[in-house]
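Undergrad: Structure provided below as structure tokens; questions to follow.
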Amino acid sequence: PEETVTGSFASFIHAVRPEHLSKTVCQRSKRMILDSIGVGLVGSTTHVFDIALQYCRLYSSVAVSSVYGKPGVKLSPTLAAFTNGVATHSMDFDDTWHPATHPSGAVLPALLAASQMLPPSTKPNGMDFLLAFNVGLEVQGRLMHFSTEAHDIPKRFHPPSVVGTMGSAAATAKLLSLSTAQCAHALGIAASLAGAPMANAATQAKPLHIGNATRLGFEAALLAARGMEANPLILDDIPGCSGFSAFYSVYQPKPLSTPSDHHEFLLEKQDIAFKRFPAHLGMHWVVDAALSVRNLFINYAGSFSPSLIRTIVLKIPVSKYINRPFPSSEHQARHSFQFNACSALLDGEVGLSSFRESSIHRQELRELLDKVVVEHPEDNAANFDKMYGEVALLLHSGDVLTGKCDTFYGHWRKPLSKESLLKKFRSNASHVLPEEKIETIISMVDNLEDLSDSSQL
């Protein structure tokens, strides 16, 4: 089995050790954990989270695992993972990687729930937790690199519903100390539980993709631990019998080498994108471009006066599900180039309040949306590593003002500073936690290697 792609992944999951994590990988992954917890906490204030929690409380028999933002409420481990996964993606505020997926939300809730599930004598320590988290990231990243199709903004299925489920299975299998064979079966079982169509983007169903990924990967590992078997070649490219290749039209898997002193995790090579405001990642380019041209406009006219604008031209990549001229709900607004550009122009910022119903249906915003024209330049690839956003204001005077963004602040090429990340976390967590608990979490994550019992997190 070690000679197969699937076998190599299983061997890696089983054999990798804490000493294989570099200082950079530890530091970057702890930033991800902290951000994801904050996003989950503020996400626990949303309507879609309330629906998921009400559903899960119907079926919670062994209630041992905590729920974001709900002190005293516990659910069975897999349902807690599901609910917290929904919270993490309820505002589309969670981190994003390249090729495109949301890596933390699919893994962290499963590990938090599993840590509370395990008996006191087998509680994983902080380093075990950090290692399992990175295993989940590594598996997601490696699978995404097996297909050139995965590098572009998705069209058919939401990537975290596929690779996230596999990452959750791998991470939980590592935390539960499964054997090599059980790790392989966990991946095989997870592949049969994966997938969600892009048509449910910009709806309340989209957060379920992350909730299901973290829950179902967790369940796959639990099933494998109890002896369930699956195809031991699930990640291999077998002609005439699709395994994981069923999700991609182009699929070229490669073995994952057994960890050694010199193993380099993908997180070492490429950082993560953290969002400054709760919307689809593509929106961050047009918002920064819009803010840039807004400053030019104020210098030109003395203030922002929409009546001076004849046309607003957005130059964006082709992506149907985030090209929404007149969004009518918060979830549609989070997936609209037009809405986010015009909100930034009108208000000088985009934040939590931008997606309230009262903000979405403002007359002055609608008037700006009416002026938007979209163009798709051939050089603007639908790829989070290559795309750009450009906003041009064509004025009635005949003058044209233009703002362009190639790399927004928070992108993996331009990562948030420690101060910015902490500010975001404190702001998100303050919606449900007192200041002393917020600071305790920050300290605990920052010193995760020294934590004797990860269930304390």
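Undergrad: Can you work out which of the residues in region 185-244 that are out of contact with any helix residue (DSSP H, G or I) (no Cβ under 7 Å at 6 or more places or on another chain) and open to solvent by less than 60 Å² (accessible area, probe 1.4 Å) is nearest to ALA80 (Cα to Cα)?
TA: LEU222
Undergrad: Of all the residues that make up region 408-422, how many are open to solvent by 60 Å² or more (accessible area, probe 1.4 Å) and more than 16 Å from ASP35 (Cα to Cα)?
TA: So the answer is 2.
Undergrad: Sticking with this one: So is LEU401 assigned to a strand (DSSP E or B), within 19 Å of LYS315 (Cα to Cα) and of a type in the set (A, V, I, L, M) or not?
TA: yes
Undergrad: Another question, if that's okay. Counting just the residues of region 149-161 that are touching a Pro at 6+ places or on another chain (Cβ under 8 Å) and part of a helix (DSSP H, G or I), which one comes out nearest to ALA15 (Cα to Cα)?
TA: PRO160
Undergrad: Being under 24 Å from ALA150 (Cα atoms), assigned to a loop (DSSP other than H, G, I, E, B), in contact with a helix residue (DSSP H, G or I) (Cβ under 8 Å, 6 or more places away or on another chain) and of a type outside the set (Asp, Glu) is the filter here; which residues of region 368-397 pass it?
TA: ASN383, MET387, TYR388
Undergrad: Also, I was wondering about something else. Outside any helix (DSSP H, G or I) and either touching a Ser or Thr at 6+ places or on another chain (Cβ under 6 Å) or closer than 20 Å to THR88 by Cα (or both) - does that describe any residue in region 171-192?
TA: No, region 171-192 has no match at all.
Let's see how each residue does on (1) open to solvent by 50 Å² or more (accessible area, probe 1.4 Å); (2) farther than 22 Å from HIS376 by Cα; (3) touching a residue at least 40 places away in the same chain (Cβ under 8 Å):
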{"residue": "LEU291", "(1), (2), (3)": "no, no, yes"}
{"residue": "PRO306", "(1), (2), (3)": "no, yes, yes"}
{"residue": "LEU314", "(1), (2), (3)": "no, no, yes"}
{"residue": "VAL318", "(1), (2), (3)": "yes, no, yes"}
{"residue": "ILE322", "(1), (2), (3)": "no, no, yes"}
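Every residue, every condition in (1) surrounded by fewer than 18 Cβ atoms within 10 Å (Cβ to Cβ); (2) more than 19 Å from the chain's Cα centre (by Cα), yes or no:
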| position | (1), (2) |
| --- | --- |
| LYS371 | yes, yes |
| GLU375 | yes, yes |
| LEU394 | yes, yes |
| THR402 | yes, yes |
| ASP406 | yes, yes |
| LYS424 | no, no |
| ILE441 | no, yes |
| ASP453 | yes, yes |
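Undergrad: Does region 330-342 contain any residue that is in contact with a Lys or Arg (Cβ under 9 Å, 6 or more places away or on another chain) and surrounded by fewer than 16 Cβ atoms within 10 Å (Cβ to Cβ)?
TA: Checking region 330-342: not a single residue is in contact with a Lys or Arg (Cβ under 9 Å, 6 or more places away or on another chain) and surrounded by fewer than 16 Cβ atoms within 10 Å (Cβ to Cβ).
Undergrad: Further question on the same structure: Out of curiosity, is GLY164 in a loop (DSSP other than H, G, I, E, B) and not hydrophobic (A, V, I, L, M, F, W, C)?
TA: The answer is no for GLY164.
The values are calculated or read from the model by the stated rules, or taken from the named source; none is laboratory data. What you see is a predicted model; the values in this text were computed from it and never measured. Neighbour counts are summed over all protein chains in view; Cβ atoms, including those assigned to glycine, are modelled from backbone coordinates with ideal geometry. We work out accessible area using only protein heavy atoms, side chains counted, and drop any ligands, DNA or RNA first. Shrake-Rupley method; radii C 1.70, N 1.55, O 1.52, S 1.80 Å.
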